[in-house]
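As structure tokens, the structure follows; a few thoughts come after it.
The values are calculated or read from the model by the stated rules, or taken from the named source; none is laboratory data. Every value quoted in this text rests on a predicted model; they were computed, and no experiment measured them. Please note: Cβ atoms are built from the backbone with ideal geometry, for glycine as well, and neighbour counts cover all protein chains shown. Calculation scope for accessible area: heavy atoms of the full protein, side chains included, ligands and nucleic acids excluded. Shrake-Rupley method; radii C 1.70, N 1.55, O 1.52, S 1.80 Å.
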Amino acid sequence: MIGLPLQIGPIRLRTNLLLAPIAGYCDLAFRTICREQGGLGMACTDLLSPQGLLRGTATSLDLAKTDATDKPVCMQLYGSDPEIMAEGARWAVEHGATVIDINMGCPVDKVTKKDGGSKLLTDLPRAARIAERVARELEKTPLDRDEWARRIGDAQLIAPGSAPIPVPLTCKMRLCWHDADYAAGNACSPGLARMLADAGVAAVTVHGRTTEMKFSGEVIHDGIARVVETIGGRIPIVGNGDVREPADALRMIERTGCQGVMIGRGALSTPWIFRDCWSLQTTGAVEEAPGIPRIIEIIRRYFELMRVQRDDRYALFQINRRVSWFAKRLTGTDAAGKPIGVKPFKEAVRSARSAGDVHFALDRFAAGGLRGGFFELQESATT
Ligand SMILES: Cc1cc2nc3c(=O)[nH]c(=O)nc-3n(C[C@H](O)[C@H](O)[C@H](O)COP(=O)(O)O)c2cc1C
């Protein structure tokens, strides 16, 4: 619904916009900078291995890291064993999750070979068993009101009385595994969404692609619309795929009838996309895009958060692989009216060997340097 906050179980989010899990990208620092730009209803962690969380491996604990400002936060689990998924869900509840999500959409071999992710689309009874088992575990571990106050963020808890309330469960899926099934009108997603609603799932996100499509082609709005129709308002459906501009989010809602929109890659280049999508829905207009100085400050903030939350080495690794995403919005024209070239800036960030080098590159670009072609690059390398 356009401009209506999304409700997931007892949680009414401030908007209907969610940050998608993107393995390797949606860490605490990135979630924080997206929240700071406004408009974001809830952010999701990247997919988490319940075994890793339960064993306490450093990588899993880093991925699950959250803090008091990172709320409401959804923690996403993947796997195929109902018992282990339930134990993982309990761990996530004990470590700050506002919502638990089960990954039923990941097409990556590492996950599907172990029957997790979108492999569950080929075994609906198992998918439903996992959801049922996790939902039951969440019912057994409800949170009291004081704890809810700590993990609700700017959302609202809509539940009368004073009894403890369980953390809600969501699932994220694709349309189905095979293209041919979708083409023949046999996508499993509408039926699976119904089974999940029966199992106690509070909302379902549908990425409008098949597993075989991976990330190619265009999102299929009709496939998401079928799920919305089948569910008939019993639980909210969140549409996902290819939202890169505010108008894309509006189109997703209009074409599918979904109650929420999840954005992944669009946020990597445009962390303020949630603010814009929400203002387009609620006011019919989009605020002016941040200028280069503001975008540089957002990149700097991300980099500094990474340094504090992890360390300089990791912050350098992350800024190196993300600078191209961030640079997509570093557009404009120079004094002569020529488009700004960002290659020297990207090269300078990528070749940075210390935090000081990154700040130097950010400062230079903000001041009008590191733009254009080879000549600028040479100049910066010798300064
Ligand atoms: C590099 C990458 C990693 C992803 N990791 C996850 C993940 O951990 N869990 C998940 O449910 N989806 C994952 N996705 C899928 C996204 O959440 C999302 O469904 C997909 O990118 C489509 O949305 P978008 O067009 O807004 O990016 C990933 C996608 C990409 C490109």
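Any chance the range 161-184 includes a residue that's open to solvent by 30 Å² or more (accessible area, probe 1.4 Å), in contact with a strand residue (DSSP E or B) (Cβ under 9 Å, 6 or more places away or on another chain), within 16 Å of the ligand (Cβ to nearest atom) and not small (G, A, S)?
There is at least one residue in the range 161-184 that is open to solvent by 30 Å² or more (accessible area, probe 1.4 Å), in contact with a strand residue (DSSP E or B) (Cβ under 9 Å, 6 or more places away or on another chain), within 16 Å of the ligand (Cβ to nearest atom) and not small (G, A, S).
Restrict the check to the range 14-24 and report whether at least one residue is within 12 Å of the ligand (Cβ to nearest atom), part of a loop (DSSP other than H, G, I, E, B), open to solvent by less than 10 Å² (accessible area, probe 1.4 Å) and assigned by TED's automatic domain parsing to the domain that holds P236.
yes
Any residue in the range 193-222 that's within 13 Å of T170 (Cα to Cα): show its pairings with residues that are within 14 Å of the ligand (Cβ to nearest atom) and of a type in the set (S, T, N, Q) at Cβ separation under 7 Å, as long as the two are six or more apart or on different chains.
V201/T170; A202/T170; A203/T170; V204/T170; T205/T170; T205/N240; V206/S189; V206/N240
I'd like to check something: does the range 87-106 contain any residue that is part of a loop (DSSP other than H, G, I, E, B), among the hydroxyl-bearing types (S, T, Y) and either surrounded by fewer than 24 Cβ atoms within 10 Å (Cβ to Cβ) or within 12 Å of the ligand (Cβ to nearest atom) (or both)?
no
What is the residue count in the range 205-218 for residues that are open to solvent by less than 20 Å² (accessible area, probe 1.4 Å), near the ligand (Cβ under 10 Å from one of its atoms) and either assigned to a loop (DSSP other than H, G, I, E, B) or not polar (S, T, N, Q) (or both)?
Total satisfying the criteria: 4.
How do the pairs read when you match residues in the range 244-268 that are on the phi < 0 side of the Ramachandran plot and in the same structural domain as L28 (by TED's automatic domain parsing) with residues anywhere that are more than 14 Å from the ligand (Cβ to nearest atom) and charged (D, E, K, R), using Cβ under 6 Å and keeping only pairs 6 or more apart or on different chains?
Final answer for the pair search is P246/D276.
Being open to solvent by less than 20 Å² (accessible area, probe 1.4 Å) and of a type in the set (S, T, Y) narrows it down to one residue among T256, T283, T230; which is it?
So the residue among T256, T283, T230 that is open to solvent by less than 20 Å² (accessible area, probe 1.4 Å) and of a type in the set (S, T, Y) is T256.
Starting from the range 37-55, take each residue that is of a type in the set (V, I, T) and list its partners that are open to solvent by 10 Å² or more (accessible area, probe 1.4 Å) and outside any loop (DSSP other than H, G, I, E, B), counting only C-beta distances under 7 angstrom and pairs at least six apart or across chains.
T45/L63
Say we look at the range 63-83 and pick out the residues that are in a helix (DSSP H, G or I) and open to solvent by 50 Å² or more (accessible area, probe 1.4 Å); which of these is nearest to the ligand (Cβ to nearest atom)?
Residue satisfying both the conditions and the ranking: L63.
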